[in-house]
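The values are calculated or read from the model by the stated rules, or taken from the named source; none is laboratory data. The structure presented is a predicted model; accordingly, all values stated were derived computationally and were not measured. FYI the Cβ positions are ideal-geometry reconstructions off the backbone, even for glycines, and counts take in every protein chain you see. When the accessible area is computed, the model is the full protein with side chains, heavy atoms only, and any ligands, DNA or RNA have been set aside. Shrake-Rupley method; radii C 1.70, N 1.55, O 1.52, S 1.80 Å.
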Amino acid sequence: AVILDMDGLIINTEETYCFAWRQAALAMGYEISEPFFQSLCGLHYQSVESKISEACGPGLQLDQFRRLSGEIWRNYVAQHGIEIRKGLFQLLDVIKRESLKYCLATNSLEHNANECLSIAGIRDLFSTVIARDHVKSGKPSPDLFFKASEKLNVPISDCLIVEDSYTGLQAARNAGAFCVLIPSIQPVDPATASMADLILNDLAELSDEIEAKFT
């Protein structure tokens, strides 16, 4: 089976999140660097909010930030949409042709994941989506991947996990699965690279790798 991350891997949501977070912080009087917000990619929402609160200090009104960043995000994606990552359709064609099971396992909440997939126009491509609110702990805990393995009825040792972030790779390692890194941010941090069993440039390369295993 193939277990795919969502944010930053199959759709370019992380760029939209970073934009909304930074613009909301600026509107509230906080000047925080873009690299800081990029460092939040892959974390679940509780960790994101905790790190933003820490960076802004005790004066941050988190409820206001949450509301404002959400408004900015929805206005942004309404205008620009959400980009689908190169090679997704090719990868899914190969997965289906080789009769492999697959699903998404994301640190996003279920309603957020469904919203993003719908905006990108690909919600119907994924019959199984394992989200943060389906498990006790998000990534880097392996809970999401164990849940995905259970749902697909495939042992985790027979699952290929595909991620784009350090946090996701940690979770894959903690699950004991083979993990592929397709980075969403370049250059790749050495610590992140060291966590991966295989590093590829995009989903199209992954589809070629999978197809080669069956020919």
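Data table
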read-out: Sulfur and carbon atoms: percent of accessible area, the chain [1.4 Å]; value: 48
read-out: Karplus-derived HN-Hα couplings along region 143-152 (A = 6.51, B = -1.76, C = 1.60, θ = phi - 60°), whole Hz, x at Gly and Pro; value: 3, 4, 6, 5, 5, 5, 4, 5, 5, 7
read-out: Theoretical FRET efficiency, 1/(1+(r/R0)^6), r = Cβ-Cβ of THR128 and SER99, R0 25 Å, to 0.05; value: 0.95
read-out: Value of relative contact order over the chain, rounded to a whole percent, pairs C-alpha under 8 Å and six or more apart; value: 26
read-out: Value of Rg to Rh for region 76-196 (Rh from inverse mean 1/r over Cα pairs, i.e. Kirkwood); value: 0.95
read-out: Distant-in-sequence amide H partners of LEU160 (H built 1.01 Å from N, under 5 Å); value: VAL2, ILE3
read-out: Span from the region 168-201 Cα centroid across to the region 1-52 one, whole angstrom; value: 18
read-out: Solvent-accessible heavy-atom area per residue, rounded to whole Å², over region 1-160 at 1.4 Å; value: 48
read-out: Share, in percent, of DSSP beta bridges within the chain that are antiparallel, nearest 5; value: 5
read-out: Region 135-190 - convex hull of the alpha-carbon atoms, volume per residue in Å³; value: 73
